[in-house]
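Here is the structure we will look at, set down as structure tokens.
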Amino acid sequence: MLTEEYVISDEQIKLYHSQGYIGVENVLSDEEVNDLRRVTSEFIEKSRAVTESDDVFDLEPEHSPDNPQLRRIKNPFKQHPVYNASLHHERILAIVSQLIGYGLRCNGHKLNLKLDKLGSPVQWHQDWAFYPHTNDDLLAVGVAIDDMTTENGCLMVIPGSHRGKIYSHHQNGIFIGAITDPEFKPEGAVPIELKAGGISIHHVRMLHGSAINTSDEPRRLLLAQYCALDAWPIITLGKANEALEQFKGEIVQGELTSEPRLTKVPVRIPAPGSGDGKPTSIYHQQLELENPTIEIKDSQRVT
């Protein structure tokens, strides 16, 4: 049975379902936050030896050995046990279970960094556009390694947008990971500001993005995408048996079900992509966006 300190209130649960997001303070201890900071600093140091983005490091265009500028660690839960501990953190799982049920799977994870006076923006998008499922009981948890403020580029969301339409993320017939629909306007956007050790949670259909870090403080956010176990991906790549084994390997808690829950949800298929075969991320996809809503520096357009 969950103890009171591990659960969120009925009011917070209602807020998540009505607004599509919540912020929860004091989820991780100071010791856990310090461990995350230490390991992340070690990865920044390792990135000095990397000259271009690869399967682990996603680099800012101005990155150099003398001035390492790392903007993403890919698949961090596979890179270090300290990161992996966050995926299985008792308090995080308890909170997520209150929102989408006990059976959980993780279908993606990353650590996004915005170093001081830097940090590539993330244009407005919906996670659902990247990986539609048979139902939308999916969410993303962001673990705040640093204080998250408007000045250092914290996550911005549009409350209630998880109940609206799925916007086009295609440009000239290619999926580019950012909203291209001319009808979209980021009206009513609010920041999710948190102290280090807190977590943000946003629904998979939530409209969200983040701006450049204009402060002297870093903003490092560890993100995990959790799915209800009866939410099955609509589109998979590779052979059926290989896809099933991958699905099983993503289970965090609970037992596999072979009966997907089907609900009436709007879907757009995230294909075709650019198909250049290089290691990529949302930053690379969004470089081609012709009319960015969030300001981007000219230097950050360099590939």
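The values are calculated or read from the model by the stated rules, or taken from the named source; none is laboratory data. Every value quoted in this text rests on a predicted model; they were computed, and no experiment measured them. Quick reminder, even Gly has a Cβ in these numbers, built from the backbone with ideal geometry, and neighbours come from all protein chains shown.
Here are some notes:
- Applying the condition of being within 24 Å of T257 (Cβ to Cβ) and out of contact with any Pro (no Cβ under 8 Å at 6 or more places or on another chain) to segment 104-117 and asking which residue is modelled with the lowest pLDDT yields G108.
- All positions within segment 45-97 that are surrounded by fewer than 18 Cβ atoms within 10 Å (Cβ to Cβ), in contact (Cβ under 8 Å) with a residue 40 or more places away in the chain and not aliphatic (A, V, I, L, M): D54, D55, P61, E62, Q69, H80, H88, E90
- Residue check: I8 meets all listed conditions (1) in a loop (DSSP other than H, G, I, E, B); (2) within 18 Å of L113 (Cβ to Cβ); (3) aliphatic (A, V, I, L, M) but one, namely (2).
- Positions within segment 48-67 being of a type in the set (S, T, N, Q) and in contact with a helix residue (DSSP H, G or I) (Cβ under 7 Å, 6 or more places away or on another chain), in sequence order: none
- Index of the failed condition, E255 passing every other in (1) more than 25 Å from L155 (Cα to Cα); (2) surrounded by 14 or more Cβ atoms within 10 Å (Cβ to Cβ): (2)
- Filter result for the condition that a residue is buried (at least 18 other Cβ atoms within 10 Å of the Cβ), touching a residue at least 24 places away in the same chain (Cβ under 8 Å) and not charged (D, E, K, R), over G160, G164, G153: G153
- Flag if V27 is closer than 20 Å to N84 by Cβ and either hydroxyl-bearing (S, T, Y) or assigned to a loop (DSSP other than H, G, I, E, B) (or both): yes
- Only one entry of L289, L229 meets the criterion of being out of contact with any helix residue (DSSP H, G or I) (no Cβ under 7 Å at 6 or more places or on another chain) and modelled with pLDDT of 90 or more, and that entry is L229.
- Only listed residue being touching a Ser or Thr at 6+ places or on another chain (Cβ under 7 Å) and charged (D, E, K, R), chosen from E31, E25, E60, E11: E60
Matching residues to (1) modelled with pLDDT under 95; (2) farther than 28 Å from S168 by Cα:
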{"residue": "N67", "(1), (2)": "yes, yes"}
{"residue": "Y83", "(1), (2)": "no, yes"}
{"residue": "A94", "(1), (2)": "no, yes"}
{"residue": "Y102", "(1), (2)": "no, yes"}
{"residue": "G119", "(1), (2)": "yes, no"}
{"residue": "D137", "(1), (2)": "no, no"}
{"residue": "I145", "(1), (2)": "no, yes"}
{"residue": "E151", "(1), (2)": "no, yes"}
